[in-house]
Amino acid sequence: LVAPNPVLQQPSENWCGSFGFYVAHYFFSFFGLTAFFPVLVLLYLCVTAMLPGSVISRLPFVIVGITGLLISSSGLLATSKQIIFPAQFVTPGGYLGELVWNLVGPLLGRIGSILFLVLLLIFSLMASVRFSPINTAGYIASRFASFVKIFRDKCTGPIKKTPVKRGEPAVEMPKPAPDPSPLPPPVEPLVHEPVRRQMEPESEDKEFILHPLTSDDYQLPSLSLLDKNELEDREVDKKHYYEVSKILAAKLQDFGVRGTVEGISPGPVVTTYEFAPAAGVKINKIVGLSDDLAMALRVDRVRIVGSIPGKAALGIEIPNPVRKTVFLRDILLSREYRDSTSLLSLGLGLDVIGRSVIADLSGMPHLLIAGATGAGKSVAINAFIASILFKATPEDVRLLMIDPKRIELSVYEGIPHLLHPVVVEPKIASRALLWAVREMERRYKLLEELRVKSFTSYNLVAEEKLPYIVIIVDELADLMMVASKDVETSIARLAQMARAAGMHIILATQRPSVDVLTGLIKANFPTRISFKVSSKVDSRTILDCSGAEHLLGMGDMLFLPPGAAKLQRIHGAFISEQESERIIAFLKEQGGAEYDESVTQVIEESEDESEKSTLEYDAKYDEAVAVVTETG
């Protein structure tokens, strides 16, 4: 159709003759320049009607869209000045545009009317031809960015063409490879030498003793009672570590994590790979890939420890193919244990690079241990007890052991360090803890009399010195089931105040649930050890963070030191039953157990009170009162 002019144009000049002349005349008179839109939309409908699926089901939307398209476009053209046609021609928006403008203009003004009609135009296009403004804007932006990049490349780096002699084939210059932040060149990671065992040479003729005789008749046990580590330190297989580092970097690359392995620190059980991520890689993305990496590397567990202090790298701990056994004898022969002056030094084990880890119970001042069954909790407790027995005499340290399971600590029955026979009944255990509270209060009165503030200061000035008291509870869950209120109250009071009185608690449980490890107990045990657990929930219950579910078991632990927020992974020291039996037999030869009568007295008094309360209460008494009341 050609735009008509009833004055200047004749029907013979129109391509469609008189019919086209009159149709164009009335269309342009009513719709203005938007008269082309119905023709274009009809052409679009004819094409799409031939395709499967098509416009028949969308016909109502198409009709509404075309109507809105004509109204909005005519109204927008009516707001513009007469530019294309002279004044004697029809206005750009036609009579429809003038009508829309006369209705909308006085209500919304010029700017408001234009915004309203533009929105109506966009929604009409969306209804009629499925126009998407977001996709269109994205397409235009991408094309513009491509054009800018091509233009910039042509301006900055033109390819120089060299003339080619006739008879010689033209050689195509290779296209420069794209450079979207390339990977750094592969660098062979540095393999750190593992920490070797450092021990004093042992004489074959004389047993090695940590300390000389500390009393008239008592002698500390010799380390010869412990099994000797006959295994030699193996040489570092750098080829194996390089292969694992390549596989690790490749697997991380498969998951979209770019970076390089910069260092390798072999250890007795796990090897730490220092992975430096590329710029823009988030740490949380790497931490969440521990299970995927374990499956890719064909190992049991992979633990990602986060950033390494002093380095721009993450620590990824991967188990070794062959696991080394950490002998308690090696820990007690280490310089860290020998140089420790505390009588309550605990040999925890080796860290991930093979250094001995010694903790002072008097500085903790209490220790909470938890872990699943078979993870190494009981072995660790035996190692802690042995660490104390190798340094302290019965005059220095006394032990109060509570073992509701009856099988773990009962072997220590009769050693001279015990205050009372090993407590195996949960009800008696609550009374033993009550004695500990009373003993703590008694010691505080002694400190008050001498005007001193600590247990150490008291022993410096007092004539009769007080021994340390270590309370060991092997299974807290059984005690909480029988007498949770009394046990929780006693443990909370001891944990809050017993440090200054020289009393310390080692509390262990294999059920790390919130009903056992209550908030009151956890708040007073800042030093904690977690062995392998089954879920993240258990790990958070013990350590207030996840990670213990990725441990390997068999003494593998996470240690939360006092006053520190960063966990330390330790491979616990192993002590066998035969070693414990040899130590116990040696201690019994030094003399029999001398139990404290005050402990027995408090326990017997509590038993009498409970029996009296049981005898005084008659189960039928309430029923008798009810019968008398009803009969009058």
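The values are calculated or read from the model by the stated rules, or taken from the named source; none is laboratory data. Predicted model, so just to flag it, every value in this text is computed and none were measured. With ideal geometry, Cβ positions are generated from the backbone for all residues, glycine too; neighbour counts draw on all protein chains shown.
Computed quantities for the displayed model
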item	result
Test: residue in region 611-621 that is modelled with pLDDT of 80 or more and assigned to a helix (DSSP H, G or I)	no
Enumerated helices (runs of 4 or more DSSP H) restricted to region 367-480, each holding at least 3 residues that are more than 42 Å from the chain's Cα centre (by Cα) and farther than 29 Å from Ala573 by Cα	426-450, 455-461
Top-ranked residue of region 546-588 - restricted to ones that are touching a Ser or Thr at 6+ places or on another chain (Cβ under 7 Å) and in a loop (DSSP other than H, G, I, E, B), ranked as surrounded by the most Cβ atoms within 10 Å (Cβ to Cβ)	Gly547
Complete set of residues in region 481-517 that are in a loop (DSSP other than H, G, I, E, B), aliphatic (A, V, I, L, M), out of contact with any strand residue (DSSP E or B) (no Cβ under 6 Å at 6 or more places or on another chain) and under 20 Å from Ile542 (Cβ atoms)	Val514, Leu517
Considering residues of region 574-610 that are farther than 30 Å from Met554 by Cα and in contact with a Leu (Cβ under 8 Å, 6 or more places away or on another chain) only, the residue modelled with the highest pLDDT	Tyr595
Residue among Ser57, Ser72 that is within 60 Å of the chain's Cα centre (by Cα), in a helix (DSSP H, G or I) and modelled with pLDDT under 65	Ser57
Arg338 in a loop (DSSP other than H, G, I, E, B), surrounded by fewer than 20 Cβ atoms within 10 Å (Cβ to Cβ) and not polar (S, T, N, Q)	no
Residue check for Leu332: more than 25 Å from His550 (Cβ to Cβ) and not basic (Lys, Arg)	yes
Region 253-306, residues that are assigned to a strand (DSSP E or B) and among the aromatic types (Phe, Trp, Tyr)	Tyr273, Phe275
Neighbours by Cβ (under 7 Å, 6+ apart or cross-chain): first from region 309-320, over 12 Å from Ile353 (Cα atoms) and touching a residue at least 24 places away in the same chain (Cβ under 8 Å); second among the hydroxyl-bearing types (Ser, Thr, Tyr) and surrounded by fewer than 21 Cβ atoms within 10 Å (Cβ to Cβ)	Leu314/Ser307
Matching residues in region 359-377 - criterion: being within 26 Å of Ser534 (Cα to Cα), surrounded by fewer than 21 Cβ atoms within 10 Å (Cβ to Cβ) and of a type in the set (Gly, Ala, Ser)	Gly374
Single residue of Leu213, Leu297, Leu220, Leu289 found to be at pLDDT 90 or above and of a type outside the set (Val, Ile, Thr)	Leu220
Test: Ser356 is over 21 Å from Gln219 (Cβ atoms), crowded, with 23+ Cβ neighbours inside 10 Å and of a type in the set (S, T, N, Q)	yes
